[in-house]
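Please treat every number below as a calculation from the coordinates, not as lab data. Computed from a prediction, not measured in an experiment: that's the story for all the values here. So basically every Cβ, Gly included, is an ideal-geometry build from the backbone, and we count neighbours across all protein chains shown.
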Amino acid sequence: DVKVTQSSRYLVKRTGEKVFLECVQDMDHENMFWYRQDPGLGLRLIYFSYDVKMKEKGDIPEGYSVSREKKERFSLILESASTNQTSMYLCASSSSQGAHPGANVLTFGAGSRLTVL
Amino acid sequence: AQSVSQHNHHVILSEAASLELGCNYSYGGTVNLFWYVQYPGQHLQLLLKYFSGDPLVKGIKGFEAEFIKSKFSFNLRKPSVQWSDTAEYFCAVNSDNAGNMLTFGGGTRLMVKP
């Protein structure tokens, strides 16, 4: 079964701490995404990557950075966590193959719920 | 930038009632349209998608959605809901000027009373 695995389901951090959220996919997908999910706001794209070492800003990149050193792994970094970054973080991946790559389905991980105190 | 609106944030229905969840998007060009569902405690998963052809799309578990280009809409429907349909539903749009990026709506939380 195809999988997107997020390393931590629950994290509690203090303001100012550096936070790493890891995501690994085993589907050989080119594209990987980080979203945050907040009630009433749906999913908002933070960053995505379409290839190793490539990254693009999404709708809300401020306060975040990403790293993609290997195809299967996409990391989200909060350099200095703040309370307004308390949220559920979702990683997803998709293929860029096929006649309609924009129609390819995203496979999501289980999410990482981050609380910043 | 692309935007996606889901007008119903919370919907409560009794079993066997009919369901329609609204979704509107802002982009006037070519779009790919999706509905994802998140059951309690589970991953987000695809319910159905439209990218070309018949604008009436059928998905899993008896759901369907209709793409009406003139209304910029992609409403989700089910003629008779079940308690197991209790979940959060997200509409999402990929536009032809956005590569592989998806823009999601704010979600609709559906509760079906047994």
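The single condition among (1) free of Cβ contacts under 8 Å to residues at least 60 places away in the same chain; (2) among the basic types (Lys, Arg); (3) away from chain B (no Cβ under 14 Å) that A:LYS13 does not meet is (1).
I need the full set of residues from region A:25-55 which are charged (D, E, K, R), within 10 Å of A:LYS71 (Cβ to Cβ), more than 10 Å from every other protein chain (Cβ to nearest Cβ) and in contact (Cβ under 8 Å) with a residue 40 or more places away in the chain, in order please. Answer for region A:25-55, where residues must be charged (D, E, K, R), within 10 Å of A:LYS71 (Cβ to Cβ), more than 10 Å from every other protein chain (Cβ to nearest Cβ) and in contact (Cβ under 8 Å) with a residue 40 or more places away in the chain: just A:ASP28.
Of the residues screened, B:LEU47 is one that is in contact with a helix residue (DSSP H, G or I) (Cβ under 9 Å, 6 or more places away or on another chain) and either under 21 Å from B:LEU13 (Cβ atoms) or in a strand (DSSP E or B) (or both). Within region B:38-89, the set of residues being among the aliphatic types (A, V, I, L, M) and either within 14 Å of chain A (Cβ to nearest Cβ) or closer than 19 Å to B:LEU110 by Cα (or both) comprises B:LEU44, B:LEU46, B:LEU47, B:LEU48, B:VAL57, B:ILE60, B:ALA65, B:LEU76, B:VAL81, B:ALA87. In region A:71-91, is there at least one residue being within 24 Å of B:PHE51 (Cβ to Cβ), of a type outside the set (Ser, Thr, Tyr) and in contact (Cβ under 8 Å) with a residue 12 or more places away in the chain? Yes: region A:71-91 contains one or more residues that are within 24 Å of B:PHE51 (Cβ to Cβ), of a type outside the set (Ser, Thr, Tyr) and in contact (Cβ under 8 Å) with a residue 12 or more places away in the chain. Would you check which residues across region B:14-31 are out of contact with any Lys or Arg (no Cβ under 7 Å at 6 or more places or on another chain), buried (at least 17 other Cβ atoms within 10 Å of the Cβ) and touching a residue at least 60 places away in the same chain (Cβ under 8 Å) and list them? Result: B:LEU21, B:CYS23, B:TYR25, B:TYR27, B:VAL31.
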